[in-house]
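The values are calculated or read from the model by the stated rules, or taken from the named source; none is laboratory data. Since the structure is predicted, the reported quantities are computational estimates derived from the model, not experimental observations. For neighbour counting, all protein chains shown are included, and Cβ atoms are generated from backbone atoms with ideal geometry for every residue, glycine included.
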Amino acid sequence: MTDKQDVAFVPHILPLVGADPDKRPSAKIPGPMPVLLHYAPKPTKRIMIYVPGLIEGLPLTGRHDYRVLGRALDAIDCSLMLTQMSSAQWTPARRFETCADDIRTAVEFAKSEGFTEIALAGLSMGGPRVAYWNATYPDSAVKTIIFIATIESSYLASARNWTAEQKARHDATLDACRAAIAEGEPDRIIPGELLGLPMPLSADVYISFLGQLDEMNASTIKFADKVTVPAAVIHSTEDVIAPPEGAQAIHDSLINAPRRGLKWIEGGDHQLLTPNRVGEKTSAVIAEWIDGALGR
């Protein structure tokens, strides 16, 4: 497929698969999950499932152009699925942990479509989502995991750039959330912020995304040791939201991956799938890793 040809995505609406209640801390809004699927031109058992980040939790928003990635995957006979998380776009009633059901739904659908070799990739907050899913519902059809511009955890990624005043505000917000939960009001809306942007969320949701490591699961490094398939960390040398030292920490924490790689992209900051040379380079690196991890 040449650059002049378009990459078509077919929409699907998936009912969430049944979940273990003990592994679903919040099921306030059960319902369908939309995905977009690009089928490779040739019949294939390969597919990459893309899990989005927090701010761009809807896969067709923001500056990313997934057609570039689709073209790169076409060259290795690999289809592409874009998922949407239930907790996307500041949804105030969905905890981080609901991502496990979302990803499980996407994986089960991919298998029902005949895809038996799955590369699971998460960008930014998508990395913690993928790591948490893998620790909760591991699946032998997932042959490799890819962390793209991934954060160690939302708290650690934010704290790297905080001033003392910003840290104090955030810690005060967490204290307010903890107090609301202790008072039996986990749904109380607490005004907070992320990356300097207002982010009012319910107390339990705020904790689940932006709490410290001992009280939340939105962390890649917390679950990295559960990754037992080849894993790649793909990161920009100029990322200011998820600084390069965080990528190194994620790579080093993948202690049980039989093979791991740390791939650096020059430029691009946090937006690695933009429709430019950075997006093309990132897509090529992703395709090369998948082709090597899955084999011919």
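Residue count for the stretch 218-233, restricted to those that are buried (at least 23 other Cβ atoms within 10 Å of the Cβ) and either among the basic types (Lys, Arg) or over 13 Å from the mean Cα position of the chain (by Cα) (or both): 4. Looking across the stretch 30-47, the residues that are surrounded by 12 or more Cβ atoms within 10 Å (Cβ to Cβ) and either at pLDDT below 65 or charged (D, E, K, R) (or both) come down to Pro30, Lys45, Arg46. Restricting attention to the stretch 162-172, the residues being within 16 Å of Leu213 (Cα to Cα) and touching a strand residue (DSSP E or B) at 6+ places or on another chain (Cβ under 8 Å) number 1.
Here is a yes/no grid of residues against (1) surrounded by 19 or more Cβ atoms within 10 Å (Cβ to Cβ); (2) in contact with a Ser or Thr (Cβ under 8 Å, 6 or more places away or on another chain); (3) small (Gly, Ala, Ser); (4) farther than 21 Å from Leu262 by Cα:
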| position | (1), (2), (3), (4) |
| --- | --- |
| Ile190 | yes, yes, no, yes |
| Ser202 | yes, no, yes, yes |
| Val205 | yes, yes, no, yes |
| Gly211 | yes, no, yes, yes |
| His235 | yes, yes, no, no |
| Asp239 | yes, no, no, no |
| Pro244 | no, yes, no, no |
